[in-house]
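Structure record follows, encoded as structure tokens.
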Amino acid sequence: MVLSELKPFVVLADKLGRLAVQLVAGGSGVKTVRVSYASARAPDDLDTRLLRAMITKGLIEPISSVFVNLVNADFTAKQRGLRITEERVILDGSPESPLEYIQVQIANVESRFASAISDSGEITVEGRVKDGIPHLTRVGGFEVDVSLEGSIILCRQVDQPGMIGKVGSILGEENVNVSFMSVGRIAPRKQAVMAIGVDDQPSRETLKKIGDIPAVEEFVFLKL
């Protein structure tokens, strides 16, 4: 597989690692990570070393001063007691794209955002590349769709009318530009997770205002 084709997935891998580790309460307790690559291509047509290195980089750099690259990624992970297992999900269909999605799961940790824990008990994030741009497409059990170009606010709220407007206007008042917004819900009028892509880091006061909306049950800001 040619590197140019893999390039957006390399960016996606790094960002999924960053998102996953920031969802861990305390960050440093990460020991067991499972990465799934879904592809319709033959297994020997996908060398995942670079992707694994970038996920490792994403997992380690936000919580330490170590610089991770392709050469030292496996060694650095081992030094930190970080065990990364990889699995292939073989899909039917046309293998135009090298990968359909990448999923990163962290086991045996508490989360800063409880909704990021999937039914199997792991922090789960999943992403795809759409038109060359990495997107976050799943958080825990919720499907979302938000471009990974800026930073992200995740909110879990009671699914009711007007929520997007309320959060959007708080960010607008503080001059925080929203680039993307997506809502994933379990069922109408039940729980929903809103993923909001923002260009700038909102102030603590702005985030507090979002948290103070009565229907918002939890939220987290994730810096990319």
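Every number in this text was worked out from the coordinates using simple rules, so none of it is lab data. What you see is a predicted model; the values in this text were computed from it and never measured. No Cβ is skipped: glycine too gets one built from the backbone with ideal geometry, and neighbour counts run over all protein chains shown.
Below, the figures for the structure above:
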read-out	value
Region 93-224 - charge dipole about Cα centre, Lys and Arg +1 at Cβ, Asp and Glu -1, debye rounded to 20	320 debye
q = 0.09, 0.14, 0.16 Å⁻¹, the chain: log10 I(q)/I(0) [Debye, one scatterer per Cα]	-0.36, -0.86, -1.10
Cα shape, region 1-84, gyration tensor, a/c 1.5 rule	prolate
Equivalent ellipsoid semi-axes - Cα gyration tensor, region 52-99, angstrom	28, 12, 9
Loop-resident sites, region 100-204, for trypsin sites (Lys or Arg not before Pro), counting at most 16 other Cβ within 10 Å (DSSP)	Arg189, Lys190
Contact order normalised by residue count of the chain, Cα under 8 Å, 6+ apart, percent	21 percent
Only Lys, Arg (+1) and Asp, Glu (-1) charged, at Cβ; the chain dipole about Cα centre in debye	560 debye
Cut-off under 5 Å, modelled amide H: who pairs with Arg138 long-range	Glu126, Val144
The chain: most fluctuating residue of Gly172, Gly150, Gly197 per GNM, C-alpha cutoff 10 Å	Gly172
Positive-end residue of Leu16, Gly93, Val66, charge dipole of region 15-170 with Cβ unit charges	Val66
When the convex hull of its Cα atoms is projected in every direction, mean area for region 1-47 (nm²)	4.1 nm²
Region 73-98-region 118-197 distance, computed between alpha-carbon centres (Å)	25 Å
Within the chain, longest stretch free of exposed GluC sites (Glu not before Pro) [DSSP loop, at most 12 other beta carbons within 10 Å]	111-224
The chain, helix-only ellipticity at 222 nm - DSSP H runs n ≥ 4, -39,500 (n - 2.57), divided by all residues, nearest 500	-8000 deg cm²/dmol
